[in-house]
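Let me begin by presenting the structure, written as structure tokens, before commenting on it.
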Amino acid sequence: MDQHQTEELPSAPVQDYIFIKSDGKLVRLNNEDILYIESMGDYVKFVTNDKKYITHHTIKGLEEKVNKEYFMKVHRSYIINITKIDDIRENDLYIRGNEIPISKAHKSDVLRRLNII
């Protein structure tokens, strides 16, 4: 093998959780516990049923790292857990009473992902 070639590392398996750095420690969040992720500039807020975590990250960077089975971007400032949607009205969706806007660019993708009868 040539010295200058590097071996490709296997891609990490899709996880049911993520670790985030919050308040100086690494916190494990299970995908099923995350309601949504909200952009706050260079920070993001992870909202769960019982707590909110703020970490230094961008929403754009997170979009590539979250499990696509659970999460999707619905607005430039929001990634939501699609299993937590309570209802959708016009251009907003609701998760545990929280109103989250759906951008025009993402609305058709959101509707396509849902199991609509």
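The values are calculated or read from the model by the stated rules, or taken from the named source; none is laboratory data. What you see is a predicted model; the values in this text were computed from it and never measured. Neighbour counts run over all protein chains shown; Cβ positions are idealised from the backbone, glycine included.
Quick notes
- Among residues of the range 46-64, those that are under 13 Å from the mean Cα position of the chain (by Cα) and exposed (fewer than 14 other Cβ atoms within 10 Å of the Cβ), counted: 4
- Among the candidates Arg96, Arg76, the residue that is within 25 Å of Ser22 (Cβ to Cβ), modelled with pLDDT of 95 or more and out of contact with any Asp or Glu (no Cβ under 9 Å at 6 or more places or on another chain) is uniquely Arg76.
- Only one entry of Ile79, Ile116 meets the criterion of being within 17 Å of Glu32 (Cβ to Cβ) and among the hydrophobic types (A, V, I, L, M, F, W, C), and that entry is Ile79.
- Restricting the range 65-117 to residues that are among the β-branched types (Val, Ile, Thr) and more than 12 Å from the chain's Cα centre (by Cα), the residue that is surrounded by the fewest Cβ atoms within 10 Å (Cβ to Cβ): Ile117
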